[in-house]
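What follows is one structure encoded as structure tokens, with my remarks underneath.
The values are calculated or read from the model by the stated rules, or taken from the named source; none is laboratory data. Everything numeric in this text was worked out from a predicted model, so none of it was measured. Backbone-built Cβ (ideal geometry, glycine too); neighbour counts: all protein chains shown. Ligands, DNA and RNA are stripped out before the accessible areas are found, and what is left, the full protein with its side chains, is counted by its heavy atoms. Shrake-Rupley method; radii C 1.70, N 1.55, O 1.52, S 1.80 Å.
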Amino acid sequence: ALSMLLVMVLVLSIPVMACAATAVPNSVIQATESVVRIFSEYRYDIGSGSGFVIKSSRSETLVATNYHVVEGAPLGIYVVSREGELLDAHVLASDKNRDICILSLDKPLSMKALRFDTKPRQGEAVYAVGYPAASDAFSDEIAYKSEEATITDGIISSLRQFTVDNKGNMVSALQISAAINPGNSGGPLLNAKGQVLGIDTWGIDDSQGIF
């Protein structure tokens, strides 16, 4: 009876194994080392988001994030280092319509800058990386290390464009199936090579798989 049970378990497990998700490419795992957590301090609140290094030298580190992560004139903007140190940052450039902001850190980080791929393709596998605040419930500490970053996978569902102002200016957007949650904002959307295709911004309420 025991041998028969083992055979049944083995047979039933084969379809499950076949449907298991493929492993995340090592290049994506390595790219998470360039993703940082960002906090914005307001008078009565603390905002949380993500960002990624786009320039790194001995004297300067620049981080890309969403404009909405740091909007509203916060009392302070902080990027968390791998050691858990809060580093002061300030807005170097921003575009509210495109929801993009570049931060300059007062103290450089020893992190590599991520590379870009400017030719996203429909159906291409993508990986959204960041620090969704809800995931902090799984730990007694606030996540900030690269191995604590959340990676969600999916595909580029559609290449879209939409109007962002009353002048008719258009912005290109990638509709993806990789889940994005509050706190992911500003993190990179990566391809299988670990290159940046876009920036994680928002999801559509009352929908499934549209981000």
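Key figures
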| quantity | calculated |
| --- | --- |
| Check on ALA133, at pLDDT below 95, in contact with a Pro (Cβ under 7 Å, 6 or more places away or on another chain) and farther than 26 Å from LYS193 by Cα | yes |
| Boolean, ALA179 is at pLDDT below 95, touching a Ser or Thr at 6+ places or on another chain (Cβ under 6 Å), aliphatic (A, V, I, L, M) and open to solvent by less than 90 Å² (accessible area, probe 1.4 Å) | yes |
| Residue count for region 87-115, restricted to those that are assigned to a strand (DSSP E or B) and of a type outside the set (D, E, K, R) | 13 |
| Per-region count, region 81-117, residues surrounded by fewer than 13 Cβ atoms within 10 Å (Cβ to Cβ), in contact with a strand residue (DSSP E or B) (Cβ under 7 Å, 6 or more places away or on another chain) and among the small types (Gly, Ala, Ser) | 1 |
| Members of region 62-71 that are open to solvent by 60 Å² or more (accessible area, probe 1.4 Å) and either in contact (Cβ under 8 Å) with a residue 40 or more places away in the chain or more than 19 Å from the chain's Cα centre (by Cα) (or both) | HIS68 |
| Per-region count, region 28-59, residues at pLDDT 95 or above and charged (D, E, K, R) | 4 |
| Pairs, first surrounded by fewer than 23 Cβ atoms within 10 Å (Cβ to Cβ) in region 32-43, second in a helix (DSSP H, G or I) and modelled with pLDDT of 95 or more, C-beta under 7 Å, six or more apart | SER40/VAL69; SER40/VAL70 |
| Any hit, region 70-87, residues being more than 24 Å from VAL28 (Cβ to Cβ) and touching a Lys or Arg at 6+ places or on another chain (Cβ under 6 Å) | yes |
| Of all residues in region 142-156 being in contact with an Asp or Glu (Cβ under 7 Å, 6 or more places away or on another chain), outside any helix (DSSP H, G or I) and touching a residue at least 60 places away in the same chain (Cβ under 8 Å), the one that is least open to solvent (accessible area, probe 1.4 Å) | ALA143 |
| Considering residues of region 125-141 that are in a loop (DSSP other than H, G, I, E, B) and buried (at least 16 other Cβ atoms within 10 Å of the Cβ) only, the residue nearest to the chain's Cα centre (by Cα) | TYR131 |
| Any hit, region 169-178, residues being touching a residue at least 60 places away in the same chain (Cβ under 8 Å) and farther than 23 Å from VAL36 by Cα | yes |
